[in-house]
Amino acid sequence: MNSGSRHELPAESDWEQWLARYAPALLLFARQQTGCEADAQDLVQEAIVESWRRQSQAAPPPLALVYATIRRRAIDLARRDDRRANREVAAHLDGPECWFDAGADERERNVLIQKAMTNLPEIYRQVVTLKVWGGLTFSEIAEALDIPANTAASRYRNGLIELRALTKEVFT
Amino acid sequence: MSEQEQERFEAELRRTQPAPVPRKFMDRLQAADPSIHAAQRGRRQPATEWTHWWRLARWLAPALAAVAVAFLIGHANSGSKSNPADKPLVAAAGLKANDVQVDHELVSSFDVVATLPGGEPVRFRCRKWKDQLLVTDKSSGVEIEQNSPRIEVMPVRFETY
């Protein structure tokens, strides 16, 4: 790869490292947005590639941009009636995906957290996911969700309170 | 919830890691390396611009040709109509037309396929018409007949032929 190129892109190993680090959280967010594994994977792939293409430099795209793209694409997807119907069928066939790492000793705990997250209102779930597992700042969350940073912060706090109430049996 | 409680709860949540990306999906993502797409896009960019102009020229050229043919025919017809030799003849004769018949007859219809410089075929539908004008003055026993050939050229979308 020519290091002097204006459109220099990261080496393959960098690309793989970036994916290994951020893809699980991106997929978690996409799964919450779509409810269908196939659509979630498509969203993540499209969002990563699209965001990366928008970059004129070698640096990877800001995570907030990738999350924002996933969210926008998920909204577009939900608006398409035929796709929605297909998704519902696919979701029925696929069954619920595990959102969290299903290690042998903590499987039950993770299932309960997933259930609690499912019951959390979407506006809270998005912010909590982006903050806790996505590692974004409130400013980045605001950018990703197209809301003011103060709103992101208050939603996060309210979301944690509600999630704590929903996970009483997990965190005693 | 106090700040300490919130921090403890956040730490507990962070212990729970997002599920790993399925192997097949990770392979797919790795294959979608943007550097590959960027390289392809870089190669395709000039072709896209060229295609844009080519598409424009593809329909602009036949349209301009049709307009030019129509203009020439129209000019020729108007030229024959405005021929100063005809009008004085009719006027001078003092004709009073009893019957005027205007007709047009399709003489032939055929398609022509032309090839643009890029090798793209373009089809034209050509129709040869004969316009007829028959003026009869029974009182003076005069009958004037005028036949004007006319060619109609229309570009036809090649795919829909």
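For this structure, a couple of remarks:
- Filtered by the rule that a residue be within 20 Å of A:Arg31 (Cβ to Cβ), in contact with a Ser or Thr (Cβ under 9 Å, 6 or more places away or on another chain) and small (Gly, Ala, Ser), segment A:120-143 gives no residues.
- Neighbours by Cβ (under 9 Å, 6+ apart or cross-chain): first from segment B:118-131, under 16 Å from B:Glu105 (Cβ atoms); second surrounded by 14 or more Cβ atoms within 10 Å (Cβ to Cβ) and among the hydroxyl-bearing types (Ser, Thr, Tyr): B:Trp129/B:Ser148; B:Lys130/B:Ser148; B:Asp131/B:Ser148
- Members of segment A:42-59 that are facing chain B (nearest Cβ under 10 Å) and either crowded, with 21+ Cβ neighbours inside 10 Å or outside any helix (DSSP H, G or I) (or both): A:Val44, A:Ile48, A:Ser51, A:Trp52, A:Gln55, A:Ala58
- In segment B:27-48, of all residues being within 7 Å of chain A (Cβ to nearest Cβ) and at pLDDT 85 or above, the one that is nearest to A:Tyr156 (Cα to Cα) corresponds to B:Leu29.
- Annotation note: of A:Thr151, A:Thr118, the sole residue that is without any contact (Cβ under 8 Å) to a residue 12 or more places away in the chain, among the polar types (S, T, N, Q) and exposed (fewer than 15 other Cβ atoms within 10 Å of the Cβ) is A:Thr118.
- Residue match in segment B:72-79 (condition: at pLDDT 80 or above and exposed (fewer than 12 other Cβ atoms within 10 Å of the Cβ)): yes
- Condition check for A:Leu160: in a helix (DSSP H, G or I) and in contact (Cβ under 8 Å) with a residue 24 or more places away in the chain: yes
- Of the set (1) under 13 Å from the mean Cα position of the chain (by Cα); (2) without any contact (Cβ under 8 Å) to a residue 12 or more places away in the chain, all apply to A:Val127 but (2).
- Condition check for B:Gly94 on (1) modelled with pLDDT under 60; (2) at positive phi: one failure, at (1).
- A:Leu136 vs. criteria at pLDDT 90 or above and in a loop (DSSP other than H, G, I, E, B): yes
- Within segment B:96-119, the residues that satisfy the criterion of being of a type in the set (A, V, I, L, M, F, W, C) and either part of a strand (DSSP E or B) or loosely packed, with under 11 Cβ neighbours inside 10 Å (or both) are B:Val100, B:Val102, B:Leu106, B:Val107, B:Phe110, B:Val112, B:Val113, B:Ala114.
- Filtered residue count, segment A:126-172, keeping only those that are within 18 Å of A:Arg109 (Cα to Cα) and among the charged types (D, E, K, R): 4
- Of everything listed in (1) at pLDDT below 75; (2) in a helix (DSSP H, G or I); (3) not hydrophobic (A, V, I, L, M, F, W, C), the single unmet condition for A:Asn2 is (2).
- Residues of segment B:2-27 classified as loosely packed, with under 13 Cβ neighbours inside 10 Å and of a type outside the set (Lys, Arg), total: 7
- Search result, residues across segment B:4-25 that are facing another protein chain (nearest Cβ under 7 Å), part of a helix (DSSP H, G or I) and either at pLDDT 90 or above or over 47 Å from the mean Cα position of the chain (by Cα) (or both): B:Gln6, B:Phe9, B:Glu10, B:Glu12, B:Leu13, B:Arg14
The values are calculated or read from the model by the stated rules, or taken from the named source; none is laboratory data. None of these values were measured; they are calculated from a predicted model. Please note: Cβ atoms are built from the backbone with ideal geometry, for glycine as well, and neighbour counts cover all protein chains shown.
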